[in-house]
Amino acid sequence: MSTLRPVEFHVLLALASGPAHGYGLVRRIADHSEGRLSILPGNLYTVIRRLVAFGLVRETDAAATPPEEDSRRRYFELSSAGRARLSEEARHLQTLVERVGALPISSAEKGGGHP
């Protein structure tokens with residue numbers, strides 16, 4: 001698998017805090033992205049299937065869910081490969097952010113040009 005797509009990164013990030021079902025992932029993704037990324041359940045499960053195929057995510061036993069939860073919900077968690085891949089991708093993104101920070105791109109430095 002090459003570079004993660006943004007939505008794949010967000011799914012892995014959402015699972016970093018622990019197992020979650022689809023709706024929980026949708027909420028975590030919206031929270032982590034400060035509302036900038038909204039994913040529909042059908043699209044989410046397509047991404048999850050891809051991440052499962054790459055060995056980055058796995059379905060977890062629903063028996064660990066609280067009794068008040070719907071037992072039909074499917075829960076997912078990061079695999080150890082998924083956790084390593086998330087860490088690798090985060091380091092890559094940090095490097096990119098540092099490179100952007102070193103560029104003279106502010107409007108003041110450009111002489112008040114376009115945003």
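The values are calculated or read from the model by the stated rules, or taken from the named source; none is laboratory data. Being a predicted model, the structure only gives us computed values, none of them experimental. As a convention, Cβ positions derive from the backbone with ideal geometry for all residues, glycine included, and neighbour counts pool all protein chains shown.
Okay, residues lined up against (1) more than 18 Å from ALA84 (Cβ to Cβ); (2) in contact with an Asp or Glu (Cβ under 8 Å, 6 or more places away or on another chain):
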{"site": "SER2", "(1), (2)": "no, no"}
{"site": "ARG5", "(1), (2)": "no, no"}
{"site": "ILE29", "(1), (2)": "yes, no"}
{"site": "GLY42", "(1), (2)": "yes, no"}
{"site": "LEU51", "(1), (2)": "no, yes"}
{"site": "ARG58", "(1), (2)": "no, yes"}
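Pairs are defined by a Cβ separation below 8 Å, a sequence spacing of at least 6 or placement on different chains, a first member in region 17-31 that is free of Cβ contacts under 8 Å to residues at least 40 places away in the same chain and of a type in the set (Lys, Arg), and a second member that is surrounded by fewer than 17 Cβ atoms within 10 Å (Cβ to Cβ) and assigned to a loop (DSSP other than H, G, I, E, B); the pairs so defined are ARG28/SER17.
So, of the residues in region 6-40 that are of a type in the set (Val, Ile, Thr) and closer than 15 Å to VAL52 by Cα, which turns out to be surrounded by the fewest Cβ atoms within 10 Å (Cβ to Cβ)? If you could, list the steps in order and put the result at the bottom.
Step one: of region 6-40, the residues of a type in the set (Val, Ile, Thr) are 7, 11, 26, 29, 39.
Now narrow it down to the ones that are closer than 15 Å to VAL52 by Cα: 7, 11.
Numbers: VAL7: 17, VAL11: 28.
Top of the filtered list is VAL7.
So, in region 36-57, exactly how many residues are part of a helix (DSSP H, G or I), touching a residue at least 40 places away in the same chain (Cβ under 8 Å) and closer than 14 Å to SER79 by Cβ?
2
Scan region 61-85 residue by residue and report those that are part of a helix (DSSP H, G or I), out of contact with any strand residue (DSSP E or B) (no Cβ under 8 Å at 6 or more places or on another chain) and at pLDDT 60 or above. Don't jump to the end; show me each part of the working.
Let us first name the residues in region 61-85 that are part of a helix (DSSP H, G or I), namely 62-64, 80-85.
Imposing the further condition that a residue be out of contact with any strand residue (DSSP E or B) (no Cβ under 8 Å at 6 or more places or on another chain) reduces the set to 63, 80-81, 83-85.
Of everything in region 61-85, those that are part of a helix (DSSP H, G or I), out of contact with any strand residue (DSSP E or B) (no Cβ under 8 Å at 6 or more places or on another chain) and at pLDDT 60 or above turn out to be SER80, ALA81, ARG83, ALA84, ARG85.
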